[in-house]
Amino acid sequence: MKSIELSRQLLYTRLASIRGRTESFWKEVDHVKGLWKNRADLKVEEAGTAALFGLDCFVWFCAGEIVGRGFTFTGYYPPLTLEETEQPPQTDASIER
């Protein structure tokens with residue numbers, strides 16, 4: 001089947017790209033370390049851009065959490081009332097005639 005072949009190709013392509021992704025990650029870490037060492041030379045515009053980028057990432061994280069919880073802010077739906085929890089479900093056999 002074509003879909004199985006494509007999914008295997010995608011898996012192997014992603015596995016092959018792990019080395020490149022880890023190398024680029026460590027390059028980014030080294031860049032951030034260099035910026036931190038030379039933070040006296042850091043411009044306000046660069047710091048503001050970094051702060052806005054961090055804020056943007058945090059907002060998208062929060063939005064993803066809300067969507068993952070079923071569009072609730074607290075993560076759960078309100079509990080049922082006491083009357084709803086104490087009554088057994090009614091079936092045709094339990095209804096008195």
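What to note about this one:
- Residues located in the stretch 1-23, provided they are of a type in the set (S, T, N, Q), surrounded by 10 or more Cβ atoms within 10 Å (Cβ to Cβ) and in a helix (DSSP H, G or I): S7, Q9, T22
- Inside the stretch 27-39, residues that are aromatic (F, W, Y) and either in a loop (DSSP other than H, G, I, E, B) or surrounded by 10 or more Cβ atoms within 10 Å (Cβ to Cβ) (or both) make up a count of 0.
- Residues of the stretch 40-54 classified as surrounded by 10 or more Cβ atoms within 10 Å (Cβ to Cβ) and not β-branched (V, I, T), total: 9
Every number in this text was worked out from the coordinates using simple rules, so none of it is lab data. Keep in mind the model is a prediction, meaning the values are calculated, not measured. Cβ sites come from the backbone with ideal geometry, for glycine too, and all protein chains shown count toward neighbours.
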